[in-house]
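The values are calculated or read from the model by the stated rules, or taken from the named source; none is laboratory data. These numbers were taken from a predicted model, which means no experiment stands behind them. Because the Cβ atoms are built from the backbone with ideal geometry, glycine has one as well, and the counts that use them run over all protein chains shown.
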Amino acid sequence: MPQRQTRISLTPERRARLLRALKQHFTAEFDEPLSDFRAEGLLDFFVRELGPPIYNQGVNDAARFMQERLGDIDGEIHEPEGK
């Protein structure tokens, strides 16, 4: 099955930090070292498979938050007018 391309990309610094964390986690949890090659493969898999749904959830949460705030805009910024 061909792999899907994702628009989510990591900076080299973030990628290196995540690879270190993944290798440390694997060693601590499974008591077995994870090679650089396998760590990169796992990270690519996680970004490809988990990145889009997590990103989309964040976008949905932000949109819902903004809609709630916009719904309250009349009460938040309008001043009552006197007669």
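A few points about this structure:
- Residue pairs whose Cβ atoms lie under 7 Å apart, sitting 6 or more positions apart in sequence or on different chains, and linking a residue in segment 24-42 that is closer than 19 Å to residue 14 by Cβ to a partner that is at pLDDT 95 or above and aliphatic (A, V, I, L, M), are 26/34; 34/22; 39/19; 39/22; 40/19; 42/22.
- The listed residue being assigned to a helix (DSSP H, G or I) and surrounded by 10 or more Cβ atoms within 10 Å (Cβ to Cβ), out of 37, 46: 46
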